[in-house]
Each structure stands twice: as C-alpha cells, then as structure tokens.
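Here is the structure we will look at.
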Amino acid sequence: RHNMVPELMADYRCETGEGPLWHPMERQVYWSDIPRGRIFRLNPFSRRHEQIYEGRIVGGYTIQSDGSLLLFMDRGSVAVWRDGKLEYLVNEMEGETDNRFNDVAADPAGRVFCGTMPTGTRPATLHRMDTAGSVTTVLEGVGLSNGIGFSPDQKQMYYTDSLARKIYIFDYDIDSGDITNQRVFVETPDDGSIPDGMTVDAEGCVWGARWDGSSLYRYNPDGEQVVQIQFPAKKVSSVIFGGVDLTDMYVTTAGGGNKAEEGPGAGGLFRLNVGIQGKPEFLSRVGLS
C-alpha cells in the first residue's frame with residue numbers, strides 16, 4: 001500500500017509540531033508541539049490519538065530502552081516521563097538556564113546527542129549526554145541545532161544546522177561517542193527555507209524536512225537530491241519511519257495557528273508510504289543499567 005500523497009492523521013493545530021518518534025514497544029507514534037509544551041500519541045491501527053502531556057516546554061525527547069520517554073526541556077532540564085509522572089535527572093544545565101533544547105537523538109550506544117537553540121547573546125550548542133548522565137559539549141558556535149541521524153553502518157553521523165542551511169556529516173565512533181572530520185553533506189538553497197528534522201532510511205539515504213519549503217527531501221549517500229514530496233503546509237519540520245515494517249513515514253508540520261498563510265495542513269501530523277523501509281531509531285539508555 002504505497003501512498004505518495006501525505007495523509008493527514010491528526011490535527012492539533014500545532015504551533016511547532018516536531019519530534020515524531022515511533023515507539024516500538026507500544027507500536028504508536030509520538031510527536032510534540034514545542035512552544036505549547038504538548039506531547040501527543042497516535043495508534044495507527046485504530047487511528048485513535050490523544051494528548052498525553054502538557055507542561056513545561058519539551059524541545060526534544062527520546063524513547064528509553066525501558067519504554068519511558070526522556071524529555072529535554074527548557075532551562076537545560078532533562079526528565080524521565082513514565083506513567084504520567086516526571087522524574088528530573090538534570091534540574092538545570094549550567095549555561096543553558098535561559099535557553100531550551102531543540103532536536104535530540106539517541107545514538108547506537110544509548111547516549112543522547114542534544115542540541116540547543118541560539119539565544120540573543122550566544123549561538124546554539126550540541127551536547128552529548130552519556131548513559132551515566134554526564135554531559136559533554138561536542139560542538140559550539142552552531143546557528144540552530146537540528147536534525148540528527150546515523151548511517152546504517154553506524155560509522156557516520158548526520159547533523160543539521162538550520163541557520164547555516166547545511167546538513168553536515170561526521171565520522172562517528174560508537175565506543176567513545178566522538179564525532180570528527182566535519183564536512184558538508186548537503187547545503188540547501190538560499191530561498192528563505194531552512195533544513196529541519198531528518199532521519200536515515202535502510203538504504204542509507206537521508207530524508208530531510210524543509211521548514212518554509214513545504215517539502216520533504218530524500219538525498220542519496222552522495223548528497224544528491226533524489227526525491228521531493230510536497231506538503232499542504234509551508235513549515236515541514238521533521239520525519240520518522242514507523243509502522244510494523246518501518247515503511248510508514250510520519251511527518252510533522254508547524255504554523256497551525258495561521259492556516260490561511262501557512263497552508264491547510266499546517267500544524268498537522270501526516271503519514272505517507274513510498275515503499276522505502278526505514279531503520280529503527282536507537283533507544284536511549286540514560287540512567288538505565
């Protein structure tokens with residue numbers, strides 16, 4: 001059942017719909033509305049969906065290996081969300097108390113790469129939280145930290161700096177978590193749009209959402225654009241593979257408060273299936289033995 005045309009699955013008119021993640025134990029898809037501090041989930045089989053969290057801003061989150069959610073919030077706070085309860089692992093991160101996290105992703109070893117927003121006084125940063133909970137700063141002077149993904153052989157990491165309009169590729173070391181040899185994988189056109197969230201499919205191609213570009217793009221491992229899919233929303237923010245065989249793609253959009261200008265689908269969660277399989281996202285193991 002291939003469907004190249006995005007199908008609207010849920011519309012909470014998200015201001016900044018983001019962070020779609022497939023929960024493999026629950027077989028549900030989660031997504032968030034960052035500025036309004038909301039998290040939702042959808043059962044794709046029954047098509048039932050609900051809001052499960054409302055509270056402090058969650059810039060990004062991962063699914064832990066025990067099924068809980070690890071929330072990266074405002075003020076550099078990190079908390080576990082389990083059974084409707086929050087347990088803080090980091091109350092506030094030094095140097096980030098006037099800021100919030102943005103896109104985050106678990107790595108193959110269960111660490112989490114977690115980026116921040118720029119503030120009025122300084123650029124964005126990329127941190128890495130290891131499974132024991134300690135935090136290392138891995139990149140400074142970033143425009144706006146965004147989508148993160150790993151190559152199928154787990155030897156490269158992709159990383160998006162939205163304001164630079166670049167998706168970078170690094171050599172990645174699974175043993176240390178170190179990223180080295182930064183180079184440009186894709187530079188997006190200077191047309192007012194910026195690259196946002198991303199994921200990597202089983203064939204090693206990169207799927208990137210384009211904020212203010214109304215589209216989702218697929219790039220082959222050489223960085224050549226091979227697919228463009230249009231959405232009825234200007235701000236396409238992120239993408240993830242889900243479903244039983246990981247061929248369903250879930251895509252978030254933003255601008256739900258102004259559909260007249262942002263498009264009829266702005267703020268909605270979409271699904272499509274182009275017959276390409278994703279690879280499972282990694283589960284974080286922070287604070288878990």
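Points to keep in mind about this one:
- Heavy atoms of D178 accessible to a 1.4 Å probe, total area in Å² rounded to 10: 70 Å²
- Overall form of the range 120-174 per C-alpha gyration tensor (a/c, 1.5; a/b vs b/c): oblate
- Estimated dipole of the chain in Debye, rounded to 20 [Cβ of Lys and Arg +1, of Asp and Glu -1, Cα centre]: 720 debye
- Euclidean distance between Cα centres, the range 72-127 to the range 177-231, Å: 23 Å
- Where the range 50-96 is the region considered: accessible area per residue in Å², 1.4 Å probe: 45 Å²
- Only DSSP H runs of four or more residues enter the estimate; each adds -39500 (n - 2.57), and after division by the residues of the chain the mean residue ellipticity at 222 nm equals 0 deg cm²/dmol.
- Selected from L163, F40, I276, residue furthest toward positive end of dipole (the chain; charges at beta carbon): F40
- Per residue, the convex hull spanned by the alpha carbons of the range 128-241 comes to 112 Å³.
- For the range 140-210, the Cβ-based charge dipole about the Cα centre amounts to some 180 debye (Lys, Arg positive; Asp, Glu negative; other atoms uncharged).
- In loop segments of the range 12-68 as defined by DSSP, the chymotrypsin sites (Phe, Trp or Tyr not before Pro) with at most 16 further C-beta atoms inside 10 Å of their C-beta are F45.
- For K166, the aspartates and glutamates whose Cα falls under 17 Å of its own Cα, not counting residues fewer than eight places away in the same chain, are D103, E140, E187, D190, D191, D196, D212, D222, E224.
- The calculated FRET efficiency for N220 paired with N181, based on their beta-carbon distance and R0 = 22 Å, is about 0.65.
- Normalised size of the chain, defined as Cα radius of gyration per 2.2 N^0.38 Å with N residues, equals 0.90.
- Cβ-derived FRET efficiency at R0 22 Å, Q277 paired with I174, nearest 0.05: 0.50
- With the convex hull constructed from alpha-carbon coordinates only, the range 202-253 shows a mean projected area of 3.5 nm² over all directions.
- The chain, accessible surface, carbon-and-sulfur percent (1.4 angstrom probe): 45 percent
- In the range 15-165, one over the average inverse separation of all distinct C-alpha pairs is 15.7 Å, which is the Kirkwood hydrodynamic radius.
- DSSP-loop trypsin sites (Lys or Arg not before Pro) across the range 1-52, with at most 14 other Cβ within 10 angstrom: R1, R27, R47
- The mean sequence distance of close C-alpha pairs (under 8 Å, at least 6 residues apart), as a share of the length of the chain, puts its relative contact order at 20 percent.
The values are calculated or read from the model by the stated rules, or taken from the named source; none is laboratory data. On a predicted model such as this, the values are computed, not experimentally measured, just so you know. Don't worry about glycine lacking a Cβ; one is built from the backbone with ideal geometry, like all the others, and counts go over all protein chains shown. To get the accessible areas, we keep the full protein, side chains included, count just its heavy atoms, and leave off ligands, DNA and RNA. Shrake-Rupley method; radii C 1.70, N 1.55, O 1.52, S 1.80 Å.
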